[in-house]
Amino acid sequence: AIGDRAMQLLLPMLFWYALLKTAKLAILSSSASEPASVLQCLKDSAGTYWFIWAAFVSFLLVKILLIFNRWSPWILFASVILVPLAPVTFSILPLIKYTFPFFCLGFSFAQSREWWTGITRSHKPLLIMFLSIAALVCFLTWRKDTYIYNNLALVHDMQSAQNVLLMLVGSAAASAIVIVLILQCWKVGRSKRVISFITVELGESTLLLYLI
């Protein structure tokens, strides 16, 4: 599974980066600086396509955690707390820490879809109202230090803990609201032939290309 995901995400991404890098070097004049080292190229690709690396590393961590147990919510829940709190700030690791809880949430939805669907269906209006209020409050209290690029998901005092918590809660609430809006738009527009063709036919075949 890890090999398949690497072929699906990393290989196209590295090929695309190499293609752009080659084109850039070919266009630059001879007076430009010498090509960067392989290590620098890897660093540049990590910074440019960090979201792809984050998706792959999150997938890798979940597979390692569940290698002895196909589906254990408690192991996943513990990792959602421990990974973001890990005191590492090297390269794109803070961005991976930030992405990991959302990956685990999506994985949890996929594994317990009927259970989650039953909860959201029976309490949907209340849930939407709560999420909307939470997203609005987080937006009003959002500061410069709330961004992952600035706080690096590093907790060293009460203020930094509040920033990291606000970042995760605000991001989750806003993402949930956007997902609800997208689903509502799909319910309204799925009957139209053009929208259905673009979303279903073209969307499924070009999703990976869009991510890259």
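Here's the yes/no breakdown for (1) on the phi > 0 side of the Ramachandran plot; (2) in contact (Cβ under 8 Å) with a residue 60 or more places away in the chain; (3) not basic (Lys, Arg):
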| position | (1), (2), (3) |
| --- | --- |
| Leu105 | no, yes, yes |
| Gly118 | no, no, yes |
| Leu152 | yes, yes, yes |
| Val164 | no, yes, yes |
| Arg190 | no, no, no |
Pairs with Cβ under 9 Å, 6+ apart, first in segment 1-26 and small (Gly, Ala, Ser), second open to solvent by less than 40 Å² (accessible area, probe 1.4 Å) and assigned to a helix (DSSP H, G or I): Ala1/Phe59; Ala6/Phe56; Ala18/Cys41; Ala18/Ser45
Out of Leu76, Leu82, Leu60, Leu127, sole residue that is crowded, with 17+ Cβ neighbours inside 10 Å, modelled with pLDDT of 85 or more and in a helix (DSSP H, G or I): Leu76
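Say whether the condition of being assigned to a helix (DSSP H, G or I), open to solvent by 70 Å² or more (accessible area, probe 1.4 Å) and closer than 18 Å to Val88 by Cβ is met by at least one residue in segment 150-168.
Keep residues of segment 150-168 that are assigned to a helix (DSSP H, G or I), which gives 150-151, 158-168.
Now drop any that are not open to solvent by 70 Å² or more (accessible area, probe 1.4 Å), which leaves 150, 158-159, 162, 165.
Cutting the leftovers down to closer than 18 Å to Val88 by Cβ gives us 150.
Checked against the condition, which is being assigned to a helix (DSSP H, G or I), open to solvent by 70 Å² or more (accessible area, probe 1.4 Å) and closer than 18 Å to Val88 by Cβ, segment 150-168 yields at least one hit.
Which residue, of Phe102, Phe107, is at pLDDT 90 or above and part of a helix (DSSP H, G or I)? Reasoning before the result, please.
Details: Phe107 fails: at pLDDT 90 or above.
The unique qualifying residue is Phe102.
Filter segment 1-17 down to residues that are open to solvent by less than 50 Å² (accessible area, probe 1.4 Å) and more than 18 Å from Ala54 (Cβ to Cβ), then give me how many there are. Don't jump to the end; show me each part of the working.
Here is the first cut: in segment 1-17, the residues open to solvent by less than 50 Å² (accessible area, probe 1.4 Å) are 3, 6, 9-10, 12-13, 17.
From what is left, the residues that are more than 18 Å from Ala54 (Cβ to Cβ) are 3.
So the answer is 1.
So which of Ser132, Ser171 is surrounded by 17 or more Cβ atoms within 10 Å (Cβ to Cβ) and assigned to a helix (DSSP H, G or I)? So that I can check it myself, show each step before the final result.
Values: Ser132 fails: surrounded by 17 or more Cβ atoms within 10 Å (Cβ to Cβ).
Checking each option against the conditions leaves just Ser171.
The values are calculated or read from the model by the stated rules, or taken from the named source; none is laboratory data. As the structure is a computational prediction, the values presented were derived from the model and not from experiment. Heads up, the Cβs are rebuilt from the backbone with ideal geometry, glycines too, and the neighbour counts pull from every protein chain shown. Please note that ligands, DNA and RNA were not included when accessible areas were found on the heavy atoms of the full protein model with its side chains. Shrake-Rupley method; radii C 1.70, N 1.55, O 1.52, S 1.80 Å.
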